[in-house]
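The values are calculated or read from the model by the stated rules, or taken from the named source; none is laboratory data. Since the model is a prediction, treat every value here as computed from it, not as a measurement. Positions of Cβ are backbone-derived with ideal geometry, glycine not excepted, and every protein chain shown enters the neighbour counts.
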Amino acid sequence: MTTTSSGTPRLELRGLRKYFAASGVLAVADVSLDVAPGEVVALIGENGTGKTTLMNLLFGVHAPDAGEILVDGERVEIRDQQDAIRHGLGMVHQHFELVPGFTVAQNVLLGREPRRGWFYDDAAAQRQVARLAAQTGLAIDPARLVADLPVGAQQRVEILKALAADARLLILDEPTAVLAPAEADELIAMVRSLAATGRSIVFISHKLPEVQAVADRIVVMRRGRVVADLPRGAATDAELATLMVGRDVLLVADRSERPAGADLLEVAGVAAPTSAEGGTGLRDVSFTVRSGEILGVAGVSGNGQDELVEGIAGLRPFDAGSVRLAGVDLTAASPAAVRRAGVAHIAADRMREGLNLQATLEENAVSTSYRSRRFSRGGVIRGRARRRFAEALIADYEVRGGYPTRTVGSLSGGNLQKVVIGRELSGSPRVVLANQPTRGLDVGSIEFVHRALSSARADGCGVLLVSAELDEILALSDRVVVMYGGAMLGPYDRDAVDRERLGRILAAGEDGR
């Protein structure tokens, strides 16, 4: 591994600036920061604050309008991702870029395959990856198919890919977003181990406790600027949240005690096959959601949660079982009929399922209700009513930078989620299916989403909250169930479980208590 002379930063950014004329946004405003060899620097900030643009400047996706990039003390020009890799930079994206049908070794060495004559040398590839895994402490079987690996192991493959290209600085973008608590702890230990070998890490995350656990320094961005550069422990989580958002943030949701009402959503014995996306399917799942309660569904992603939520929403059929809402059978109902019955659906993937990114904000705002008399007459859209509704949604849900005719795909992740939640809660639903509602959001947006779900609960709505975040489940839920391998464990009263007990259930698929 290449080392630098004493005192020379591994990476130095000097006065980077990027202005997007089309949208009139100064995304990065004269940002300077450095990362030393063997140092872990956490980069935090609200959605849309410039973190992604800064990384895109570093990887050649955009060219900076001003400023310079230095690697190991030398000024470099980075025109594309290959330039970044040649200069020893590697990035592990939040959404993995792996080939499921390839082995670990084939993924790690993709584009750099060892050959014997004209042919790919699989044995040599496996030996090479095994050596790298042993050297870095990233234990994994190089012969296993990636499709057969759990999420935490797939992340190790992504990191090995970057290290195989001789990355001396790793950028980890929301690396624990889809990990179970035990896997997140393993990742943090892994990051510290890599730093001990002299590699530098930029750790991008919205989860302040893990930032405090892993980072040597914490750099806070707000509205395109660096507003703080602090050593670990110099600020509390609450103080970091205030720096990020510019105001005080409620980090723990207010879960006021109140009695739940009658059973509202009744799911009995539902089953579903393994999904094409790699989910485990469902096995004889039964539960109820009462009016005025939040039922939290904990579990690592891929254990049947998506099949469950999409089946209730009418988006995929169940093989067996039934779904009833206030006594009305919705088992085989269409998505439109489910919505008419009073079920709102906050999809897990707002980018692909929750919104049409090429459509305007006002088109997305009425996309689930445009046939109603409120927005159409005689099959003709009432443009003025649609515009007024979009304007009210923007104001009520604080959609920053939003206006009705703006293409929704240009908004940040937090503001995209506000559009989804504003649309779904606007019709006074009886049940809300909230699937990973805060995934990838900053602390300010998370606070907003929690308030919205708590308000729906207070209005007598039943909420099915699916989340991989145990802290979120425990903060909001009245009762908790756990999904594991397509089966459901529980329910547990909220006061009968804590983070440690839920973590054990998640890991073992049974309650060992």
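Data overview
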read-out: Count of residues meeting criterion [out of contact with any strand residue (DSSP E or B) (no Cβ under 6 Å at 6 or more places or on another chain), crowded, with 21+ Cβ neighbours inside 10 Å and in a loop (DSSP other than H, G, I, E, B)] in the stretch 302-314; value: 1
read-out: Among (1) under 27 Å from GLY88 (Cα atoms); (2) out of contact with any helix residue (DSSP H, G or I) (no Cβ under 6 Å at 6 or more places or on another chain); (3) among the polar types (S, T, N, Q) - the single one THR176 does not satisfy; value: (2)
read-out: Any hit, the stretch 153-167, residues being in contact (Cβ under 8 Å) with a residue 40 or more places away in the chain, in a loop (DSSP other than H, G, I, E, B), in contact with a helix residue (DSSP H, G or I) (Cβ under 8 Å, 6 or more places away or on another chain) and over 20 Å from GLY101 (Cβ atoms); value: yes
read-out: Every residue from the stretch 8-36 that is out of contact with any Asp or Glu (no Cβ under 9 Å at 6 or more places or on another chain) and either in a loop (DSSP other than H, G, I, E, B) or modelled with pLDDT under 90 (or both); value: PHE20, ALA21, ALA22, SER23, GLY24, VAL25, LEU26, ALA27
read-out: Helices (runs of 4 or more DSSP H) wholly inside the stretch 414-513 that include at least 3 residues being more than 20 Å from the chain's Cα centre (by Cα) and charged (D, E, K, R); value: 499-508
read-out: The stretch 196-218: number of residues that are crowded, with 22+ Cβ neighbours inside 10 Å and more than 25 Å from LEU243 (Cα to Cα); value: 1
read-out: Residue satisfying condition, being hydrophobic (A, V, I, L, M, F, W, C) and at pLDDT below 90, within set VAL289, VAL285, VAL220, VAL245; value: VAL245
read-out: Verdict on ARG112 being touching a residue at least 24 places away in the same chain (Cβ under 8 Å), over 28 Å from the mean Cα position of the chain (by Cα) and under 17 Å from VAL157 (Cα atoms); value: yes
read-out: Residues of the stretch 133-152 that turn out to be in a helix (DSSP H, G or I) and buried (at least 16 other Cβ atoms within 10 Å of the Cβ), as a count; value: 5
read-out: Tally of residues being assigned to a helix (DSSP H, G or I) and either loosely packed, with under 15 Cβ neighbours inside 10 Å or not polar (S, T, N, Q) (or both) across the stretch 228-242; value: 5
read-out: Pair list, Cβ under 8 Å, 6 or more apart: the stretch 186-199 residue under 11 Å from ILE159 (Cβ atoms), other residue among the hydrophobic types (A, V, I, L, M, F, W, C) and surrounded by fewer than 16 Cβ atoms within 10 Å (Cβ to Cβ); value: ARG199/MET1
read-out: Inter-residue pairs, beta-carbon under 9 Å, first polar (S, T, N, Q) and in the stretch 119-133, second modelled with pLDDT of 85 or more and in a helix (DSSP H, G or I), 6+ apart; value: GLN126/VAL104; GLN126/ALA105; GLN128/ALA105; GLN128/VAL108; GLN128/ALA164
